[in-house]
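Readers should treat all values here as calculations from the given coordinates under stated rules, not as data from a laboratory. Fair warning: this is a prediction, and the values are worked out from it, not measured in the lab. Virtual Cβ from ideal backbone geometry, glycine too; neighbours counted across all protein chains shown.
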Amino acid sequence: MQTDECSGLPLALNERWHTPCYEKLCKLNWVAGFGVISHGVKIGVQVSDASLIPILRERLPSHAEPYGGAEFDTVMSVILGGQDAGSRVRRFHLVYQNHTEVCRSHVLDEALDRFDAFFALAVAALSPQRIFVHGGAVAWQGRAIVIPGQSLSGKSTLIMELVRAGATYLSDEFAIFDSEGHVHPYPKPISMRKTPQSRQVDVPVASIGGVEGREPVPLGLVIVTSYEEGGRWRPQPVSTGEGILWLLSNTPAGRLAPERALRFLGNAATSADFIKSTRGEASDVVPLILQRPEASMRQDWLNHSLETEPSNEAHRS
Amino acid sequence: MIKQPSNANRPKAVNSGLVVQELENETLIYSLESHKATCLNAFSARVWRLCDGTRTVDDVTQELGLDDSGADTVALTLKKLARADLVTGFTGNAPPSGHTRRAVIHGALAVTAAIPIVTTMTIPTAVQATSGCGGEGARCGTGYAPCCNGLICRGRFTRRCRRPGDD
């Protein structure tokens, strides 16, 4: 990926986000930086050690394009820690978003993971063109199925099973809505955890026989669900308005741009159904979700329920 | 026993600092101050719009074309709207005539589609919207999601969610 080096260090935040605390952070010794733009969000990255630049560039998402401007919507600052030769002092690796410390760790991988997470969050929260809903999304018969939910609610597991069953993968992290209510893909591997505490492991979609979607599709179904051991799949219809509230409560820009979020989600909801239910094993639920013919993605299917046997579900994300 | 609301109650809809999105049969309202988002069904939305600070509960009931028993439903709706910070000036408890809420809903079902449905959610910050809560052993503190219920965030250098009493 090509990026533009920034000569003017420290990087300048735009007026809306500039704070006195950020000015203090700027007084540290920043030796290199670059800028990218993603979904309309200008993000600057500055580091205390030039060796971090190639590492961070490699981790940028594919939708990040080079940006050579002088002012940014958000600035990610990374300070390399570690132990100098001959010294007994171990310094922390630090990551800041604007003036906020988002990671302080002796483990570089942990700091880099936090960099990734907050980079994605900044794009999701600040994008002027799209509304990002935290959740998974697949395409099925030309319509999007969106599963909003917070981390550790089991959405990645469900998305993986849907893809294994033939749905087209759109995202396991953000469903991206445009002004017409279409859901865009957010290309990245599926991130799985073995335990809630463990690091996420990326699973390429192709490795499970899945196909990645390239085009936006209209919203067809929103499923509000979370994994419960021994949970029963009993989908109940949710009104369009309440369904939009569920989407909004998983929208990072919900507080920053509520008017746009309600308008985009309202446009998307005109042709969609909303259901909610707890669920047990993803593999048991997926056939019931996908067996809905596209034309009757409404009431008849809602009567289905499935009792699943209690068992442990190892992979949740 | 529930208090009888005064007819002097003249509820007024809160109109400032709101983002309103009309749907086919519902109205979505977002409060820029409290960051609460509320979904009103058609009946609740009509009641909300009629609250101009001059009408009493009885006036609203008449405007809606309901009979006297409908006042219970209107009062219940106003109570829900007041709880969602969408009306001010309604101090009475509902239902007013000593009926239970179930009885009011049942009565409303019997005569008309006057069922008040008011659903409110507090919209989280960007970090909260994605992070959920931290399970046992998860990192916590500045920049991290708060610990789940029953866990506390502690640690001398690396703060993690732990059970109370665990070392």
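Just a few scattered comments:
- Largest-first ellipsoid semi-axes for the stretch A:147-221, taking √(5λ) over the Cα gyration tensor eigenvalues, angstrom: 21, 15, 10
- Qualifying GluC sites (Glu not before Pro) for the stretch A:136-206 [loop in DSSP, other Cβ within 10 Å: at most 15]: A:Glu180
- Inter-site label distance for A:Ser179 and A:Arg59 at 7 Å from Cα along Cβ, in nm: 3.5 nm
- Between A:Ala85 and A:Arg16, the contour length at 0.36 nm per residue exceeds the Cα-Cα span by 20.6 nm.
- Take each residue in A:114-124, count the other chain C-beta atoms within 10 Å of its C-beta, and the mean is 2.
- The ranking of A:Trp30, A:Trp17 from fewest to most other beta carbons within 10 Å of each one's beta carbon is A:Trp17, A:Trp30.
- The Kirkwood hydrodynamic radius of the stretch A:135-177, based on inverse pair distances between different Cα atoms, is 10.0 Å.
- A protection proxy built from the mean count of other Cβ atoms within 10 Å ranks the segments A:255-263, A:51-59, most packed first, as A:255-263, A:51-59.
- Sorted by Cβ density within 10 Å, fewest first, the residues A:Thr74, B:Thr158, B:Thr56: B:Thr158, B:Thr56, A:Thr74
- Neighbour-limited loop hits for trypsin sites (Lys or Arg not before Pro), the stretch B:7-89 (at most 10 other Cβ within 10 Å; DSSP other than H, G, I, E, B): none
- Taking the inverse of the mean reciprocal distance over all distinct Cα pairs, the Kirkwood hydrodynamic radius of chain A comes to 20.8 Å.
- Sites matching trypsin sites (Lys or Arg not before Pro) across the stretch A:64-100 that sit in DSSP coil, with at most 10 neighbouring C-beta atoms within 10 Å: A:Arg88
- Fewest-first ranking of A:Glu281, B:Glu24, A:Glu212, A:Glu15, using other Cβ atoms within 10 Å as the exposure measure: A:Glu15, B:Glu24, A:Glu212, A:Glu281
- Pairwise FRET efficiency - B:Arg156 versus A:Gln291, Cβ, R0 = 56 Å, nearest 0.05: 0.55
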